[in-house]
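J.: I'd like to ask some things about the structure below.
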């Protein structure tokens, strides 16, 4: 699927470009588009500080006498959805999935990259074929697999399934990356008496950092933003809300009470937006690489 | 050290197994077995809890071909995928050309075009439904100015257009970045040669840049298609499948039938069809494109 390598936008390097449109018209058009792109975010932020009436009659106004933190405070202390707990639960899932994903995908990718036998090519194909299965549809039979294993509605069940979804692209990316690391390094370490596991984790793994960073970014965003899997596997019965399932519980019943909707949504997106603003370049290239997995 | 060769080989095998085993086991239990289970369930009349589901053969697939609701969801999904893919690819390439430069302003524009992709589709849907809903921000503002309310989400056609519009708003930043990466690979020597030979920028674009971008176009088409065929979260939060089921996508109806209607066999049949269509369309687009590329080179 991924015919191209990880996209990289070199922002810092000045060099002649193959094609570059210039002129005031271009800038004006881009500014107009940027406004269109940002208006919803602007409305989200300012409406979180306004009353229902002011949201509807003065949606764009920034007049200080309209603004209040009252609704943001009540969203923060919403009895239906404890946002702080939502952050903590989701962050826990993000960490668990990331750790488990690299611990499982690392070794198998290493074997696939270093062995030339046919069956390891076939193994790679099997994993990569997994990217074709839409997770929203896969979760239905997985419910019954998890029930059979006694893991339905549990954190291990959810984390294991979510980790499985990361495996196909992780293995594809890691195996491709390890192939670019000279095998002579492994041989030198083997001569010094290091076993395969030792070689992987102390010699190869440190050199895989760019690929691992890409996957961590991708997994972090996809686990944080996932809705259907936590909603179905953890369910309202478990009492465990991630940020998205909590938002759904808090917002869907009051979808026209904008003093609930906007503050809740703002609190939900704030952490990832901060991460994005701080690490724009990494996030953009990581998420775009992930998008190509199809 | 005089370990017999057989013992060395055995240890080597055990090491390999310990590296491959855990990931493969999880993959089989959580992905291969469930896909098989889907195929099996699609041949039964299971409702999700009865102890003895009966095998009904291909009956669910026959029902599917006759179900107006399922067929409509299928067409809606294909429409979203087709229109969305065209828009994402055209806007992706267009804006990539516009922001393809190393200036700080271009870097800023790239971030602005990309940022909605960072937000969860669920949040994006709730946000836009608050903006576009009948009693939402835009209509509230229009009413306060004495204008008519616009049926962004309450008229079937408008709702589908709004859904596609929001999908494009949230997603085309990725396409921009992919095309930008592609533009960096266009040979500068060829463009320079074209310029010296007196080609206009337009001719240079059509005859040098576009052919060089062919692989990136393929990636964009396949990626957009596969992603849009799975559209689910945004439907839940933006339209709830409405009005009157007009924006129900295949994934939405599958989950609805499986868990709310207790028609798990029927839902599984739809899942199997969706998986086959997704894989089939993606492979077809990739193959057509590669044939077109070969044609262009010949």
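Taken together, the values in this text are just the output of simple stated rules run on the coordinates, not laboratory data. Just so we're clear, the structure is a prediction, and the values are computed from it rather than from any experiment. So basically every Cβ, Gly included, is an ideal-geometry build from the backbone, and we count neighbours across all protein chains shown.
J.: Can you give me the convex hull volume of the Cα atoms of segment B:207-261, divided per residue and expressed in Å³? Mind dumping the intermediate values first?
T.: On the way: hull volume 5.3 nm³, N = 55.
That works out to 97 Å³ per residue.
J.: Translational diffusion coefficient of chain A at 4 °C, 1.567 mPa s, Stokes-Einstein with Kirkwood Rh over Cα pairs, in µm²/s as a whole number. Don't skip to the answer; put the middle values down first.
T.: On the way: Rh = 22.2 Å.
Stokes-Einstein gives a translational diffusion coefficient of 58 µm²/s.
J.: I want to verify a result. In a Gaussian network model of chain B, Cα cutoff 10 Å, which of these has the top mean-square fluctuation: B:236, B:131, B:32?
T.: In this elastic network of chain B, the residue with the biggest mean-square fluctuation among B:236, B:131, B:32 is B:32.
J.: How long are the three semi-axes of the equivalent ellipsoid for segment B:205-298, computed from the Cα gyration tensor as the root of 5 times each eigenvalue, in whole Å, largest first? All intermediate terms of the calculation are to be shown ahead of the outcome.
T.: On the way: eigenvalues 263, 50, 11 Å².
Its equivalent ellipsoid spans semi-axes of 36, 16, 7 Å.
J.: If you fit an axis through the alpha-carbon atoms of helix A:83-114 and take the longest principal axis of the Cα set of chain A, what angle between them do you get, 0 to 90°, nearest 10?
T.: On a 0 to 90 degree scale, this one is about 20.
J.: Please state the relative contact order of chain A as a whole percent: Cα pairs under 8 Å, 6+ residues apart?
T.: Numbers: 282 pairs, mean separation 91.6, N = 294.
It rounds to 31 percent for chain A.
J.: Looking only at Cα atoms, what is the convex hull volume of the protein assembly as shown per residue, in Å³?
T.: Details: hull volume 113.3 nm³, N = 592.
Hull volume over Cα atoms, normalised by residue count, gives 191 Å³.
J.: First measure r as the distance between the Cβ atoms of residue A:35 and residue A:92, then evaluate 1/(1 + (r/R0)^6) with R0 = 35 Å and state the FRET efficiency to the nearest 0.05. Write down the numbers at each step before the final one.
T.: Details: r = 38 Å, r/R0 = 1.09.
The computed FRET efficiency comes out at 0.40.
J.: I want to check the label-to-label distance for residue B:185 and residue A:154. Put each point 7 Å from Cα in the C-beta direction and report it in nm to one decimal.
T.: Between residue B:185 and residue A:154, the label points sit 4.6 nm apart.
J.: Moving to a separate point now. Can you pull the mean other chain C-beta count within 10 Å for peptide B:274-286? Mind showing how you got there, number by number?
T.: Values: counts 4, 5, 1, 0, 5, 4, 1, 0, 4, 2, 0, 0, 3.
Counting other chains' Cβ atoms within 10 Å and averaging over B:274-286 gives 2.
J.: I would also like to ask the following. Once label points are set 7 Å from the Cα along Cα→Cβ at both residue A:238 and residue A:257, what is their separation, rounded to one decimal in nm?
T.: It works out to 2.7 nm between the two label points.
J.: Still on this structure, please answer the following. Distance from the Cα centre of segment B:59-90 to that of segment B:214-233, in angstrom?
T.: Between the Cα centre of segment B:59-90 and that of segment B:214-233, the gap is 15 Å.
J.: If you don't mind, another one. Just to be sure I understand the model, the point goes 7 Å from the Cα along the line to the Cβ. What's the resulting residue B:65 to residue A:270 distance in nm?
T.: 5.6 nm
J.: Can you sort B:275, A:179 so the residue with the fewest Cβ neighbours within 10 Å comes first? The partial results should precede the final answer.
T.: Details: B:275 19, A:179 13.
Ranking B:275, A:179 by Cβ neighbours within 10 Å, fewest first, gives A:179, B:275.
J.: Could you compute the FRET efficiency for residue A:147 and residue B:155, with r as their C-beta to C-beta distance and R0 at 60 Å, rounded to 0.05? All intermediate terms of the calculation are to be shown ahead of the outcome.
T.: Values: r = 42 Å, r/R0 = 0.69.
Once rounded, the FRET efficiency stands at 0.90.
J.: How far, in nm, would the chain grow between residue A:185 and residue A:74 when pulled straight, counting 0.36 nm per residue and subtracting the alpha carbon separation? It would help to have the intermediate numbers written out before the result.
T.: Working: separation 111, 0.36 × 111 = 39.96 nm, distance 5.77 nm.
Answer, rounded to one decimal: 34.2 nm.
J.: Could you work out how much longer the chain between residue A:115 and residue A:27 gets when fully extended? Use 0.36 nm per residue separation minus the Cα distance between them, nm to one decimal.
T.: On the way: separation 88, 0.36 × 88 = 31.68 nm, distance 5.21 nm.
Between residue A:115 and residue A:27, full extension yields 26.5 nm more.
J.: P(r) of segment A:57-103 in 5 Å steps, Cα pairs, percent per bin?
T.: All Cα pairs considered, the percentages come to 5, 16, 13, 13, 11, 13, 10, 8, 5, 4, 1.
J.: Right, something else. Counting only other chains, what is the mean number of Cβ atoms within 10 angstrom of the Cβ of each residue in peptide B:206-217?
T.: Numbers: counts 0, 0, 2, 2, 0, 0, 1, 0, 1, 2, 3, 0.
Across the residues of B:206-217, the mean count of other-chain Cβ atoms within 10 Å is 1.
J.: Over the Cα atoms of segment B:116-168, what is the Rg over Rh ratio if Rh follows Kirkwood? If you can, show how the numbers build up before the last one.
T.: Numbers: Rg = 11.7 Å, Rh = 11.5 Å.
With Rh from the inverse mean 1/r over Cα pairs, Rg/Rh is 1.01.
J.: Still on this structure, I have one more. Taking all pairs of different Cα atoms in segment A:86-235, averaging 1/r and flipping that mean, what Kirkwood radius in angstroms comes out?
T.: 16.5 Å
J.: Between B:257, B:197, B:233, find the one with the highest GNM mean-square fluctuation for chain B; connect C-alpha pairs within less than 10 Å.
T.: In this elastic network of chain B, the residue with the biggest mean-square fluctuation among B:257, B:197, B:233 is B:197.
J.: Most mobile of A:240, A:104, A:278 per a Gaussian network model of chain A (Cα springs, under 10 Å)?
T.: Maximum fluctuation in the GNM of chain A, among the listed residues, is at A:278.
J.: Mind jotting down the three principal axis lengths of segment A:128-198 based on Cα atoms? Whole angstrom, largest first.
T.: For segment A:128-198, the Cα extents along the three principal axes come out at 48, 25, 15 Å.
J.: In percent, how large is the relative contact order of chain B, given Cα pairs closer than 8 Å and 6 or more residues apart? Please list the in-between numbers first.
T.: On the way: 337 pairs, mean separation 83.2, N = 298.
It comes to 28 percent, rounded to a whole number.
J.: What angle do you read, to the nearest 10 degrees and between 0 and 90, between the alpha-carbon axis of helix A:24-47 and the longest principal axis of chain A?
T.: Relative to chain A, helix A:24-47 is tipped by roughly 70 degrees.
J.: While we're here: Over every pair of different alpha-carbon atoms in segment A:155-294, take the mean of 1/r and invert it; report that Kirkwood radius in Å. Kindly include the intermediate steps, with their values, before the conclusion.
T.: Numbers: mean 1/r = 0.0560 Å⁻¹.
Hydrodynamic radius (Kirkwood, Cα only) of segment A:155-294 equals 17.9 Å.
J.: Next question, about the same structure. Give the distance, in whole Å, between the Cα centre of segment A:191-270 and the Cα centre of segment A:92-156.
T.: About 16 Å separates the Cα centre of segment A:191-270 from the one of segment A:92-156.
J.: Something else now. Across the residues of B:97-110, average count of Cβ atoms on other protein chains within 10 Å? Present the calculation step by step, with values, prior to reporting the outcome.
T.: Details: counts 4, 7, 6, 6, 8, 10, 3, 1, 3, 7, 5, 3, 7, 5.
Other-chain Cβ atoms within 10 Å of each residue's Cβ, averaged: 5.
J.: If one takes the longest principal axis of the Cα atoms in chain A, at what angle in degrees, from 0 to 90 and to the nearest 10, does the Cα axis of helix A:280-291 lie?
T.: 70 degrees
J.: Here's a follow-up. For chain B, build the convex hull from the C-alpha positions and give me its volume per residue in Å³. Mind showing how you got there, number by number?
T.: On the way: hull volume 79.0 nm³, N = 298.
For chain B, the hull spanned by Cα atoms encloses 265 Å³ per residue.
J.: Gain in length, residue B:14 to residue B:102, computed as 0.36 nm per residue apart minus the alpha-carbon separation, to one decimal in nm? Intermediate values should be presented prior to the final figure.
T.: Working: separation 88, 0.36 × 88 = 31.68 nm, distance 5.16 nm.
Length difference between fully extended and current span is 26.5 nm.
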